[in-house]
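Shown next, in structure tokens, is the structure this report addresses.
The values are calculated or read from the model by the stated rules, or taken from the named source; none is laboratory data. What you see is a predicted model, and the numbers here were worked out from it, not measured in a lab. Here Cβ is always computed from backbone atoms with ideal geometry, including for glycine, and neighbour counts include all displayed protein chains. Protein only, heavy atoms only, side chains kept; ligands, DNA and RNA dropped before computing areas. Shrake-Rupley method; radii C 1.70, N 1.55, O 1.52, S 1.80 Å.
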Amino acid sequence: MKLETILAEGVHDADLPAVRRIAEVWSGLLRPSQLASLVADDILGRIVWVIESGGLDESAQITLASTLRELSLLRGPALTPALVARVNNVCRPIFTRFADALTMAPRSLPLPRIRAAHVLFVGSLQDPDDLPSTTAIDYAAALALDPKVERIEIVHSGAISPDMGAYIHGALGSRREGLEVLLVSTLENEDFMADVLGRGPCAFHVCGESAYSPALSLLNRLGPTLMFVASDGAPVQYADVYWSNRSQKEVGDLWGGQGAPPAFAANHVQILQVPGRPPPAPEPLSRAGLGLTEDALVIATVGDRLAAEMDEAYITGIELAIRDQPHCVWLVAGELPDYLSDACQQVLGPRFLHIPEPSDLARLLTVVDIYANPFRECGGSSARLAAAAGAAILTLDRGEVAAIAPPDFQGQDTEDYLRRLDALIALPELLAALKGRQAEHFGQIGDQRALLASLQKMVRTAARRYHERGDGLPLSQTVFALPGALAAAS
């Protein structure tokens, strides 16, 4: 069976080009015997074994690691913490060697200069429907609120579509006098890093760039670095400050289980805000037009990759929760395999409403009472729309949706999640209270002035840590060195 056929099993049509590209990359990197060993039911584990087993150069190992993570998001299953640890234990030393190879004297950087200039590594800027893309631009927009900031550079890869260009202009186009905003393409300018450094000292920010990008390995040598960690995946590369909505204990447990060095979790900072301007409240959609009664309780599941993201525990749990509740409707927005859609229809009848390609998702979500996030890492984009539409967000306490939902009503595990769903169905007053709490929380996390204040503080922390580790001395002599090595090195 062709590799592309194996990898494309269960993949959403819109993601097939990305899967074909991964298949082409793997076919070019792997030997015939390695390709022959790949089987559909353990594709992730087999690639991890190939990364570990030797015979590939370091560039190929990093490429495999990066595309492996991408594939797990496109088709599932999610990479287990043990697999993540094995991959990153190979890649992290490679990045450290990359950084150590940079010959340079300690780079002492004055704090006022650092505060005045910020360089963001954002990866591919796709379109306004892509949450990582808009998050990166909104991150830059928050920094631009600081009157002392003179320069913001957005380092990206790939082309920028007209729609994405319009989003960038809306966020940063009416910038104040004295602020320079530069878009730097890594594909159009191979010497982009030299140009960035030539413009003077700066703070580096990572928001959306691939965790396995070799360019990131150099940042810790060149200046203070901050990394927004939007998901639960442990970072592969060092930063002076990591930040998210997670607590220090949560981060320590999550990252430790994925083999990250303790020094990484020690650099984590928890803040409430996230980059992102809240979407406007959409015009309400008529329930009658969807065949829904005004008193129906609508539970929604939304996604582009639902075949991979909805597991058996989730599907069965939703069905059992509403099977004997005649006022409940399960609305699924996104493509499903016919067998799965038919099975749900047989169990729930007219109380299962499937809309494969909603023409206006934001308006559709105005009929929703509970946005029931599957047990997945992603979903932040549609969850933000649901929150703006007034729905209650139900999610596990992990993944990017956990940053959007009130922390006091997140499921600790599958059973706890489903107990909370039962309670929301049975107790209208609890559902109303959660909707109100969700609206309050959504306003708090979207406060970009508060985000700026936190970023200013974190930049100062990053600058101090950068100085304490020798103004850019190699990590092998500082962060990863034996006790006492920093004093000896300096």
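The numbered conditions (1) touching an Asp or Glu at 6+ places or on another chain (Cβ under 6 Å); (2) surrounded by 17 or more Cβ atoms within 10 Å (Cβ to Cβ) are all true for TYR371 except (1). The set of residues in region 343-364 that are open to solvent by 60 Å² or more (accessible area, probe 1.4 Å) and more than 20 Å from ILE425 (Cβ to Cβ) comprises GLN345, GLN346, PRO356, GLU357, SER359, ASP360, ARG363.
Yes/no per residue for (1) crowded, with 21+ Cβ neighbours inside 10 Å; (2) of a type outside the set (D, E, K, R):
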position: ALA405; (1), (2): yes, yes
position: GLU429; (1), (2): no, no
position: ALA439; (1), (2): no, yes
position: ARG460; (1), (2): no, no
position: TYR466; (1), (2): yes, yes
position: GLY470; (1), (2): no, yes
position: PRO474; (1), (2): yes, yes
position: THR478; (1), (2): no, yes
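Within region 164-194, restricting attention to residues that are surrounded by 13 or more Cβ atoms within 10 Å (Cβ to Cβ) and not aliphatic (A, V, I, L, M), the residue that is farthest from ALA99 (Cα to Cα) is GLY170.
Answer yes or no: is there a residue in region 114-123 that is under 30 Å from LEU452 (Cα atoms), open to solvent by 60 Å² or more (accessible area, probe 1.4 Å) and touching a His at 6+ places or on another chain (Cβ under 9 Å). No, region 114-123 contains no residue that is under 30 Å from LEU452 (Cα atoms), open to solvent by 60 Å² or more (accessible area, probe 1.4 Å) and touching a His at 6+ places or on another chain (Cβ under 9 Å). Note on region 203-215: among residues that are open to solvent by 10 Å² or more (accessible area, probe 1.4 Å) and more than 17 Å from TRP255 (Cβ to Cβ), the one that is nearest to the chain's Cα centre (by Cα) is GLY208. Filtered by the rule that a residue be on the phi > 0 side of the Ramachandran plot and over 22 Å from the mean Cα position of the chain (by Cα), region 389-430 gives a lone residue, GLY390.
The residue list LEU336, LEU331, LEU340 contains one member that is part of a strand (DSSP E or B), hydrophobic (A, V, I, L, M, F, W, C) and open to solvent by less than 50 Å² (accessible area, probe 1.4 Å), which is LEU331. Among ARG21, ARG69, ARG97, ARG86, which is among the charged types (D, E, K, R), farther than 30 Å from SER476 by Cα, open to solvent by 50 Å² or more (accessible area, probe 1.4 Å) and assigned to a helix (DSSP H, G or I)? Answer to the check: ARG21. If you scan region 408-455, which residues turn out to be within 19 Å of ARG384 (Cα to Cα), in contact with a strand residue (DSSP E or B) (Cβ under 7 Å, 6 or more places away or on another chain) and not hydrophobic (A, V, I, L, M, F, W, C)? If the condition is that a residue be within 19 Å of ARG384 (Cα to Cα), in contact with a strand residue (DSSP E or B) (Cβ under 7 Å, 6 or more places away or on another chain) and not hydrophobic (A, V, I, L, M, F, W, C), then GLN410, GLY411, LYS435, GLN438 are the ones that fit.
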